[in-house]
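Please read the structure below before turning to the comments.
The values are calculated or read from the model by the stated rules, or taken from the named source; none is laboratory data. Because the structure is predicted, anything quoted here is derived from the model rather than measured. For neighbour counting, all protein chains shown are included, and Cβ atoms are generated from backbone atoms with ideal geometry for every residue, glycine included.
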Ligand SMILES: Nc1ncnc2c1ncn2[C@@H]1O[C@H](COP(=O)(O)OP(=O)(O)O)[C@@H](O)[C@H]1O
Ligand SMILES: [Mg+2]
């Protein structure tokens, strides 16, 4: 087992008296590609929101590479090396693909470099462009991209910020079969040098690309393990297929 990069203990989130997270423990090792699944309303996005400083927990701890994250500001958490996607798009439509990547990469650049007239593309941007496979569209405005290409650009914008941990919230939602496959391959390739947590509940996608899976249900970790064990678990089947214990018996 690799060294833990993210260690969450006893995490609770309460919205107006409603417990969205009810004591979550989660450990993700450096270099892992972890899938986080669970029915709608399970608390998956809330968990990402807490890790990234968007939502304050009622209690619990979130340690990232030895630093406590809860109570820290969003921008501070980004600078510590955590990047996330949102369920809604954040690309600038009028800017080209490469300009979007350049802008995302810019936040780490020292001021003199930022102010200097830019010639060509930095290594970081070139690498991100290559990773997401949009080199042929580098100079097209992001507004012309297909839904899938836009998702890949957003992932590229995260990579350009050189995070250690990437949190991707339903990256294949609304994608075609072909786009899903390309995204699965992209995730596999990104996971070679990043730690990645992916929220996704498409079982077919999971079977193809997941190894370690954490199942969240009603704000708690229900089951954790490799994809085959998780799929075979009767508690997971119950949650996903809506089977009651009586029917299953
Ligand atoms: N800002 C909020 N205020 C009140 N309730 C919220 C808020 N955000 C999420 N919730 C509730 O918390 C639960 C978990 O939501 P969410 O984390 O978005 O689930 P998931 O991403 O797993 O579908 C849901 O019941 C949702 O309605
Ligand atoms: Mg969600």
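Restricted to the range 1-54, and to residues there that are touching a helix residue (DSSP H, G or I) at 6+ places or on another chain (Cβ under 7 Å) and over 21 Å from residue 235 (Cβ atoms), the residue that is farthest from ligand 1 (Cβ to nearest atom) is 33. Within the range 32-59, if we keep just the residues that are away from ligand 2 (no atom under 16 Å from the Cβ) and in a loop (DSSP other than H, G, I, E, B), the residue that is surrounded by the most Cβ atoms within 10 Å (Cβ to Cβ) turns out to be 57.
Pairing each residue of the range 36-49 that is on the phi < 0 side of the Ramachandran plot with any residue that is near ligand 1 (Cβ under 6 Å from one of its atoms), provided the two are 6+ apart or on different chains, yields C-beta distances under 7 Å for 36/44; 44/38; 46/20. One residue stands out in the range 60-91 among those that are part of a loop (DSSP other than H, G, I, E, B), surrounded by fewer than 13 Cβ atoms within 10 Å (Cβ to Cβ) and at pLDDT 90 or above: the one that is nearest to ligand 2 (Cβ to nearest atom), namely 73.
In the range 12-25, what residues are buried (at least 16 other Cβ atoms within 10 Å of the Cβ) and within 16 Å of ligand 2 (Cβ to nearest atom)? 13, 20, 21, 24, listed by residue number. Looking at the range 162-184, can you tell me whether even one residue there is assigned to a helix (DSSP H, G or I) and under 15 Å from the mean Cα position of the chain (by Cα)? The answer is yes; a qualifying residue exists. For the range 119-141, a residue qualifies if it is over 21 Å from the mean Cα position of the chain (by Cα) and surrounded by 15 or more Cβ atoms within 10 Å (Cβ to Cβ), and the qualifying residues are 121, 122, 126, 137, 138, 141. When the criteria are applied in full, residue 156 meets the requirement of being within 30 Å of residue 69 (Cβ to Cβ) and surrounded by 15 or more Cβ atoms within 10 Å (Cβ to Cβ). With respect to residue 28, is the statement that it is surrounded by 17 or more Cβ atoms within 10 Å (Cβ to Cβ), assigned to a helix (DSSP H, G or I) and in contact (Cβ under 8 Å) with a residue 40 or more places away in the chain true? No; evaluated as a whole, the condition is false for this residue. If you check residue 163 against the conditions, is it touching a residue at least 60 places away in the same chain (Cβ under 8 Å), closer than 21 Å to residue 209 by Cβ and within 16 Å of ligand 2 (Cβ to nearest atom)? Against the criterion (touching a residue at least 60 places away in the same chain (Cβ under 8 Å), closer than 21 Å to residue 209 by Cβ and within 16 Å of ligand 2 (Cβ to nearest atom)), residue 163 does not qualify. With respect to residue 169, determine if the residue is modelled with pLDDT under 95 and more than 16 Å from ligand 2 (Cβ to nearest atom). Here the answer is no, as residue 169 does not meet what is asked. Looking at the range 166-204 only, could you name the residues that are within 22 Å of residue 236 (Cα to Cα), in contact with a helix residue (DSSP H, G or I) (Cβ under 6 Å, 6 or more places away or on another chain) and free of Cβ contacts under 8 Å to residues at least 60 places away in the same chain? Matches in the range 166-204: 172 only.
Scanning the range 191-227 for residues that are part of a strand (DSSP E or B), within 14 Å of ligand 2 (Cβ to nearest atom) and touching a strand residue (DSSP E or B) at 6+ places or on another chain (Cβ under 6 Å) gives 197, 198, 199. With respect to the conditions (1) away from ligand 1 (no atom under 16 Å from the Cβ); (2) under 24 Å from residue 25 (Cα atoms); (3) surrounded by fewer than 18 Cβ atoms within 10 Å (Cβ to Cβ), residue 194 falls short on a single one, namely (3).
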